[in-house]
1. Can you return the lysines within cross-link range of K452? Criterion is Cα-Cα under 21 Å, with same-chain partners fewer than 8 residues away left out.
2. Based on the alpha-carbon set only, what is the convex hull volume of the stretch 375-515 divided per residue, in Å³?
3. Quick one: what does P(r) look like for the stretch 149-266 with 5 Å bins over all Cα pairs, in whole %?
4. Would you give the gap between the C-alpha center of the stretch 176-195 and the C-alpha center of the stretch 268-315, rounded to a whole Å?
5. What's the percent breakdown of Cα-Cα distances in the stretch 75-127 across 10 Å bins, shortest bin first?
6. Compute the relative contact order of the stretch 426-570 as a whole-number percentage, counting only Cα pairs closer than 8 Å that sit 6 or more residues apart in sequence.
7. Pairs of Cα atoms under 8 Å, at least six residues apart: use those to get the relative contact order of the chain, whole percent.
8. Evaluate the distance, in nm, between pseudo-label points positioned 7 Å from the Cα of R443 and of E117 along their respective Cα→Cβ axes.
Amino acid sequence: METGAVPLNGPSAALVGYLPACYRSSSLFQRGESVSLTSVVAPSPAPETVAALVGERLSVSALHQLGGTLGGYSFVKVVVDREQAKIHFLNHARHSFHAIYIGEEILGVGEERVRAEIDSYNEAFYHAPDRRFLLGILALHPQMLSLETVEVDTMPAGLIREFHAFVAQYTDPALPLLFKPANQLQERIVREIPASELPRVFAHELFSTAPFVPLNPGTATGRLRAFRTEAEYRAATLDWTDIIVMDRVPDDIPRLAGIVNTRHTTPLSHTNVLATGWQIPNAVQLGALAEIERRGLDGKWVEYTVDAQALSLREVDEPAGAAPPAWYAQRVTLEQPEADHSPIVNLARLRASDRHRYGTKAANLGELHHVLAHGSQRLLGFYQVPRPPRDNLLPYLARLLDVPADADLSAAARRLLDEHVRVPRGIALPFSLQRRFLESSPRIQQAVGKLKMALELDAREIEPLCVELQGLIRSARLPGALAGEIDSALVSQLAGVRAFVVRSSSNAEDLAGFSAAGIYESHNHVTTAERIFASVKEVWASLVSVRSVRLRQQAGISLDECYMGVVIQEQVGADFGGVLVTTNPMNRADFRTVYVNVSPRVTDVVDGSALPMQYLYSTVEGGGRTLSLGDAPADLDSRAHDQLQRLAIAGRLLQGHFSPDYTFDSPVDVEWLADGEHLHLVQLRPYPA
């Protein structure tokens, strides 16, 4: 289908079963000379005058000549003509899309007409029960071939068996042919077929052993630092010129030049979100520590590059004087905060424009409450922009919302949110409350003054001054008037709640060039008034932690401009939770899909302590794909996947509302929890583009 899986503008990750994330060759470079770990020298491609190999067995050499290459692996598109009992292996140089090939070479229909009538062709190719053609992709892996359909194909069990059996007759018998389900529907179908009758491999099985996963593309020059243990990392002094290599990079990294994880992780951990926001190269590369040791690169200056195909490390001469990075010269500017008296308010009373008084998290939660209560004219924004090859996405949204194409889609979108999405109740403490607390203690005021002076002078005493100030904030008595205001607000707004989450909400986060993911404190399972007051002070203290102060200093953010609001929110019971980003972090060109991480505890996703389940969901054609089961023993059930599909659509609608411009392209990052009935959105912020 020339749709979410096969866009008409060329090959994509989805085209070959998400090859960019799952199956990578990789090269680690010595000085000026590449040495590929799994590279294959392919024959020259076939000339464009050759349309396809028809009715003949496909050799490995022919696959290389006819097909394309993605992620270092060769693939070729396959068409089985059931009416003629004939197989076609397409020449990728001439026909990038199944539909165009079938139209021109089999049906005698020109490309212009196929494109104009693509929806009807797609229906016939991918959904018709009596379809004439079976379409797929054949990919070459070490010691095997995989066959899969396009991800939106609703091919039933009988056609799956037929497709696999027919293609197997025309491939090299020395290479096992395994069917790879392209979506969760096919995964369920394939599991019901005995493995002896249909050899199979699942995407999550391949993903879990992928030698290379690009987390953020880019190039940087710096000093390579390889750490085999966290103790080695803790003992080291790191600089912004360092490129660190570890099993799994800790959550508290300083600003660096690049990151290499040597174990699998998720793009949505705080560490990897920070790397994306900092725009530094970041990847997973299994075996990197051993390779670096073998080549003697530890401590050497290297040029580090991550792209969709591989990562490379090329030794270079140490620069005479390392020039400051671009981000050092690009100072981050804060909106003017307001720390004069503001009341403690119910979150539902806030709007996004209140961020200068209550912080970004609180303001975004208030905006979410407003959207759920009153709707938004911007919900359809993403779908109202033509996105080639789709000139009109609104009919796709209608199908996702299960309404006729001529229905009121704004009303249908709001109905989806009304029925399935909730935002936990809460209150917001303003910046002025923090200011009043700090001013209530002369010792704290004196310590703040010392820290500001040390920052101006870039003195070596900054770290101990931060530690001292944090201790003073934690130990200082919360004035009775302030404690009374917080207690009164909780009694009037959240009486009956048994457990709370106390969240940070600063003005120095979620900014262009400064995401601050994981830098400030939040506390779960807080029950008593005493623990609430202590947690509020912990959140205030996190504004002057060593790490947050250093990172803001590097970004040019003055401590004078920084304030911390606090959200005290009802803690929601849930079956599972996680993080959604309304983009595909490993293929930003894939506008159709969103990326969802799932764990029994949402904190497992963001702090990187456990590997979550990872999914892609289409917000155009619908349907999901299981990328990784992480540390989970089994996949979620079908009811949970239905919830995640609704979450994906809701996230895309909210992306429209929160978009800062009229392209509606800016993704959002949503922390969420799910129970049997509802999706609870507990945080929303921009996701670094």
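FYI, it's all coordinate maths here, none of it is from the lab. Being a predicted model, the structure only gives us computed values, none of them experimental. Positions of Cβ are generated from backbone atoms using ideal geometry, with glycine treated the same way; all protein chains shown enter the neighbour counts.
1. K537
2. Considering the Cα atoms of the stretch 375-515, their hull volume per residue is 200 Å³.
3. 2, 9, 16, 14, 11, 8, 7, 8, 10, 9, 5, 1, 0
4. The stretch 176-195 and the stretch 268-315 have Cα centres separated by 34 Å.
5. Cα pair-distance distribution for the stretch 75-127, in percent: 23, 58, 19.
6. Across the stretch 426-570, relative contact order equals 37 percent.
7. 13
8. Once both label points are built, they end up 8.3 nm from each other.
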